[in-house]
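Undergrad: My structure is below; once you've seen it, I'll send some questions.
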Amino acid sequence: MSPEDQPTVTLSWPEVMEGVLCGGHRRIENLRWGTRSNAPPEVGWQRDIEGGLAEKALAKHLNLYHHGAYVFRAADISGTVQVRGTPRADGCLLVHKPGRGANLDDPNDAFVLVTGCDGTYTIRGWLPGHAAMLPEYWCDRGRNGRPAFFVPQAALQPIRTLVCYLDRPTPGARLIVSSAPSQAASSTLRSTSRVSASEAKPAS
């Protein structure tokens, strides 16, 4: 993809503060409910805070409202958009097996890979969940007994196409987005029923 297809977003200091509060709230709730994480305990706070900042960066680029509230297993932005962040510039998009609940992902959601740290982030691309949940992406990359789908950046779609995807009347869609000349987007939430997802675990 061209540099135009992988925009870099720099957060203002007030925006960084909002992202830190979002990530801190998430960390506290994870500790409160004993949610298991792939990250070692000593980097848990950093991981959750950087996750909140990555969400803030994507919302800023798309001109979407980021409420910053943490709701367990809910979408990060506007009801259907899940943000997956990593500090590695060459990192993969991580998606869990389909389902509802802890460490499960909805194949009807859009998953966006954001790389970077400390307030500056690059939006690498995105895929709908069902396109990311392919057998060839399934592996235990961390060798920790927690396999997932790891999608390389070469397989991602540019972020500008996200608006077109969300504007389609697809089953389970809960977000209607209209494009703007700046390639930003405005959103309206719409409640519709979800399509039930298979709970079958892909072959490792």
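Undergrad: Got a sec? Which of HIS25, HIS61 is crowded, with 18+ Cβ neighbours inside 10 Å, over 21 Å from ALA132 (Cα atoms) and modelled with pLDDT of 85 or more?
TA: From the options HIS25, HIS61, the qualifying one is HIS61.
Undergrad: Of the residues that sit in region 82-93 and are among the hydrophobic types (A, V, I, L, M, F, W, C) and buried (at least 20 other Cβ atoms within 10 Å of the Cβ), which one is nearest to the chain's Cα centre (by Cα)?
TA: Filtering region 82-93 for residues among the hydrophobic types (A, V, I, L, M, F, W, C) gives 83, 89, 92-93.
Filter once more, so that each one left must be buried (at least 20 other Cβ atoms within 10 Å of the Cβ): 83, 92-93.
Numbers: VAL83: 2, CYS92: 12, LEU93: 9 Å.
Only one residue tops the list, namely VAL83.
Undergrad: Residue by residue through region 110-123, note down the ones that are surrounded by 24 or more Cβ atoms within 10 Å (Cβ to Cβ) and either charged (D, E, K, R) or in a loop (DSSP other than H, G, I, E, B) (or both).
TA: none
Undergrad: Yes or no: region 126-134 includes at least one residue that is surrounded by fewer than 21 Cβ atoms within 10 Å (Cβ to Cβ) and in contact (Cβ under 8 Å) with a residue 60 or more places away in the chain.
TA: No; the residues of region 126-134 include none that is surrounded by fewer than 21 Cβ atoms within 10 Å (Cβ to Cβ) and in contact (Cβ under 8 Å) with a residue 60 or more places away in the chain.
Undergrad: Tell me which residues, restricted to region 136-157, are surrounded by 12 or more Cβ atoms within 10 Å (Cβ to Cβ) and assigned to a helix (DSSP H, G or I).
TA: Selection gives TYR137, GLN153, ALA155.
The values are calculated or read from the model by the stated rules, or taken from the named source; none is laboratory data. In this text, all values refer to a predicted model and were calculated from it rather than measured experimentally. Every residue, glycine among them, receives a Cβ derived from its backbone with ideal geometry; neighbour counts consider all protein chains shown.
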